[in-house]
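**Q** Have a look at this one before I ask anything.
Derivation of every value follows stated rules applied to the coordinates shown; laboratory data play no part. All values derive from a computational prediction rather than experimental measurement. Counting neighbours? That spans all protein chains shown, and the Cβs are built from the backbone with ideal geometry, glycine included.
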Amino acid sequence: MAVNRAKDGAPGFLTTRFEALLAWGRKYSIYPFTFATACCGIEVMGAFGTHYDLSRFGAEVVRFSPRQADMLLVAGTVNYKMAPVLKRIHDQMLEPKWVVAMGACAASGGFYNNYSVLQGIDKILPVDVYIPGCPPNPEGIIDAVVAIQKLLETGAPRAAERWPIKI
């Protein structure tokens, strides 16, 4: 009995099932790296506490090295002097990686509309999930982890695959 292979170069059954198994494993083992610079950092600490129990979603182990993390959680204001550092941290992370902009300051600069504050981290990084609020609730972090899990489950393209958008 011969194995039927697609002539167009499409992946076979075993390759597809193996990728599905890897996606399932990644779905429940998200390792966050927190880049907190303002009041949103307090909410991050609350989300990783026992009251909200983020470990039930598979994001319990906070990594303190970007080389071991696959989710960058940017919480707070990012100024132009800090932007190259944040970009370097993002570049040190291994693929696949996701970026979460937490709070109004990370998403749009917040109320700091001046010369020194970056008006949203999406100017330098591809953002996958935005968490609204000033500061957002810990439930927002849980919603972001669930949104990333849904991206993994459906196989939707990450922001890094769609970014930068060329017109």
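**Q** Apply the a/c threshold of 1.5 to the C-alpha gyration tensor of the range 33-121 and tell me whether it is rounded, prolate or oblate.
**A** oblate
**Q** Can you put Phe64, Phe35 in order of Cβ neighbours within 10 angstrom, beginning with the fewest?
**A** Lowest to highest Cβ neighbour count: Phe64, Phe35.
**Q** Can you put Val100, Val62 in order of Cβ neighbours within 10 angstrom, beginning with the fewest?
**A** Ordered from fewest to most neighbouring Cβ atoms within 10 Å, Val100, Val62 come out as Val62, Val100.
**Q** Can you list the residues, at least 5 places off or on another chain, whose amide H is less than 5 Å from the amide H of Met71, using H built in the peptide plane?
**A** Long-range HN contacts for Met71: Tyr31, Phe33, Trp98.
**Q** Label-point separation (nm) for Gln92 and Cys134, each offset 7 Å from Cα along Cα-to-Cβ?
**A** 3.1
**Q** Only bridges whose two residues both fall in the chain count here: according to DSSP, what percent of them are antiparallel, nearest 5?
**A** DSSP beta bridges in the chain are roughly 5 percent antiparallel.
**Q** With 10 angstrom as the radius, rank Ile42, Ile142, Ile121, Ile148 by how many other C-beta atoms surround their C-beta, starting from the fewest.
**A** Ile42, Ile142, Ile148, Ile121
**Q** Right, here's the next one. I want to check a number: in the chain, how many lysine pairs have alpha carbons closer than 30 Å, given a sequence separation of 8 or more or different chains?
**A** 18
**Q** Shifting gears a bit: Could you calculate the contour length gain from Ala156 to Tyr80, that is, 0.36 nm times the residue separation minus the distance between their Cα atoms, to one decimal place in nm?
**A** 24.2 nm
**Q** Let me know the Rg and Dmax you get for the range 65-167 when you use only its Cα atoms, in Å.
**A** 13.4, 40
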